[in-house]
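Peer 1: Structure provided below as structure tokens; questions to follow.
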Amino acid sequence: MALCKLIASFSQSATDSSHYQSRKLSIDEINLVSSYYQQNGNNSAVTGGIGTEKLNDISNNLDIRLFMFDRKKRKNIFDVEIGIDHYTSASSDKIDLKANSSASYADTRIYPSVNWSREHEQKGTTIGAGLSFSNEFDYQSKGINLLFAKKTADKNGEFTAKLQAYLDQVSLVTPTELRSGGGFGEHEDYGTANRNTFAASLSYTQIINTRLQVAFLADLIQQNGYLGLPFHRVYFTDGSVHQENLPDSRLKIPLGFRANYFAGDRLIIRSYYRFYTDNWGISAHTADLELPVKINPFFSISPFYRFTHQKGTRYFAPYEVHKATETYYTSNYDLSSFNSHFMGAGFRWSPVKGVFGIAHLQSMELRYGHYNRSTGLQSNIVSLNLRYK
Amino acid sequence: MKNSMIIGLLFACAISTSSCSSVKEYQKARLNDAEMTLSNRRVQKTETSFQVYREGASGANGGKTGGGCGCN
């Protein structure tokens, strides 16, 4: 209720951009996305590929989009976003094997970002830039991105190029039994290692006809630095315990295709396919199908199903299978071979008079999904999106 | 595996080049529907994030590519 009042209090500053080109900074829309995620499994990388993966995460993300037109009638959009995740993890609690509830049991991640873009409607071009930051106990990240987009002459197609760089620091939190001094020290005692990610994302969207539009997506991602996690254990065949060791360079190439089709008056077919490959030997096929059905103009239900087949990295082996002669090794099942199924449904409600009668609370979306991985990992997620406009 | 990729790419090229018709702004009512956006929904934000953590494969979805978090 307090949230509704907060949102309603912004309503007087809202401006309809389609009729009036405001040179004053105005709120375009505000989105609040809240999620609860829980998972369980028995292949924790922290304990070398065995042990609980139980994890709970509460995530809240507030995104405020502002806009203004400049003297040349170009639309400037400012996106100010802040996200806060709080999680409890039974596996990261096992950084200290003797602990029942240690300092690593829970953590909070805060990740603000600011993005700006300027759209020149006559030329059909958009340029943009953004900054992001993320902080949690053992991981800090600073990100920057640049964007360029150009529409085709008939405005039915658009090419977008985005360059992203993340300069990250991993705190070297080692399993307690592998520390020279043993036991926990202060955060400053751990030391850090760099992890840099550089990504070029290209996409092309095309309207095929009045019912069908498609998108081609391609990323080229280069990562350098410390690419494992220091508290992931690996047990060798001789029973000895080691820290996960992975190459300090990784090149990823995902290629995606999306097609959305409006069939009849009520059914929409949203489809997505991705092929992924990298130089660690991982390759994957992901297919996603979602079928939103409009029960009426204001309410829709969207069942969905996502399937992934992943061929794991050559550096993966389960508990006590790696040999001392190997250079690189991990028992992280996220990098192993598996099939995964993710299914559920979303509900979208956007009444004319606003959700709960609040005029500017334009829509509410609720979505639930169940994830099942062939390694035994299972998870559930429920998310809520409130949109104020 | 390679054959299925080639067939997929050919299919994608075929539908995107052979049957395009120029659609005017006033004909875009269905295309502009909120369910027709060519990107992940905003409500999927955390979903996409957990998939980046739980799977080695990521990217090509207009969102996260692997940096910025202690994920893969």
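Per-residue answers, yes or no, for (1) away from every other protein chain (no Cβ under 11 Å); (2) out of contact with any helix residue (DSSP H, G or I) (no Cβ under 9 Å at 6 or more places or on another chain); (3) within 30 Å of A:Asp238 (Cα to Cα); (4) aliphatic (A, V, I, L, M):
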| site | (1), (2), (3), (4) |
| --- | --- |
| A:Gln310 | no, no, yes, no |
| A:Ser331 | yes, yes, yes, no |
| A:Phe347 | no, yes, no, no |
| A:Ala359 | yes, no, no, yes |
| A:Arg373 | no, no, yes, no |
| A:Val382 | no, yes, no, yes |
| A:Leu386 | no, no, no, yes |
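Peer 1: Is it the case that some residue within the range A:137-144 is farther than 30 Å from A:Val241 by Cα and surrounded by fewer than 14 Cβ atoms within 10 Å (Cβ to Cβ)?
Peer 2: Within the range A:137-144, the first condition is being farther than 30 Å from A:Val241 by Cα, and the residues that meet it are A:142-144.
Okay, now just the ones that are also surrounded by fewer than 14 Cβ atoms within 10 Å (Cβ to Cβ), so A:144.
Scanning the range A:137-144, I find at least one residue that is farther than 30 Å from A:Val241 by Cα and surrounded by fewer than 14 Cβ atoms within 10 Å (Cβ to Cβ), so the answer is yes.
Peer 1: If we scan the range A:195-206, do we find a residue that is within 7 Å of another protein chain (Cβ to nearest Cβ), more than 21 Å from the chain's Cα centre (by Cα) and at pLDDT 95 or above?
Peer 2: Within the range A:195-206 (the criterion being within 7 Å of another protein chain (Cβ to nearest Cβ), more than 21 Å from the chain's Cα centre (by Cα) and at pLDDT 95 or above), the answer is yes, since at least one residue qualifies.
Peer 1: Out of curiosity, is A:Ser283 over 19 Å from the mean Cα position of the chain (by Cα), surrounded by 14 or more Cβ atoms within 10 Å (Cβ to Cβ) and closer than 30 Å to A:Asp265 by Cβ?
Peer 2: Details: over 19 Å from the mean Cα position of the chain (by Cα): yes; surrounded by 14 or more Cβ atoms within 10 Å (Cβ to Cβ): yes; closer than 30 Å to A:Asp265 by Cβ: no.
No.
Peer 1: Tell me the strands (runs of 3 or more DSSP E) entirely within the range A:228-279 that contain at least 1 residues that are more than 9 Å from every other protein chain (Cβ to nearest Cβ) and closer than 30 Å to A:Ser91 by Cα.
Peer 2: Answer list for the range A:228-279: A:233-235, A:241-243, A:249-263.
Peer 1: Test A:His322 against the stated conditions and say whether it is surrounded by 22 or more Cβ atoms within 10 Å (Cβ to Cβ) and more than 10 Å from chain B (Cβ to nearest Cβ). Walk me through it before giving the result.
Peer 2: Details: surrounded by 22 or more Cβ atoms within 10 Å (Cβ to Cβ): yes; more than 10 Å from chain B (Cβ to nearest Cβ): yes.
Yes, satisfied.
Peer 1: Can you pull out the strands (runs of 3 or more DSSP E) entirely within the range A:334-389 that have at least 2 residues that are under 18 Å from A:Leu291 (Cβ atoms) and in contact with a Ser or Thr (Cβ under 8 Å, 6 or more places away or on another chain)? Break it down into steps so the answer makes sense when it comes.
Peer 2: Numbers: elements: A:338-349, A:361-373, A:378-388.
In the range A:334-389, the matching strands (runs of 3 or more DSSP E) lie at A:338-349, A:361-373.
Peer 1: Pull up the range A:287-301, narrow it to residues that are more than 7 Å from chain B (Cβ to nearest Cβ) and in contact with a Phe, Trp or Tyr (Cβ under 8 Å, 6 or more places away or on another chain), then point me to the one that is surrounded by the most Cβ atoms within 10 Å (Cβ to Cβ). If you could, list the steps in order and put the result at the bottom.
Peer 2: The first filter runs over the range A:287-301 and keeps only residues more than 7 Å from chain B (Cβ to nearest Cβ), leaving A:287-291, A:293-299, A:301.
Cutting the leftovers down to in contact with a Phe, Trp or Tyr (Cβ under 8 Å, 6 or more places away or on another chain) gives us A:287-291, A:298-299, A:301.
Numbers: A:Ala287: 14, A:Asp288: 19, A:Leu289: 15, A:Glu290: 21, A:Leu291: 17, A:Phe298: 14, A:Phe299: 13, A:Ile301: 13.
Going through the qualifying residues, I end up with A:Glu290.
The values are calculated or read from the model by the stated rules, or taken from the named source; none is laboratory data. Fair warning: this is a prediction, and the values are worked out from it, not measured in the lab. All Cβ positions, glycine included, derive from the backbone under ideal geometry; neighbour counts span all protein chains shown.
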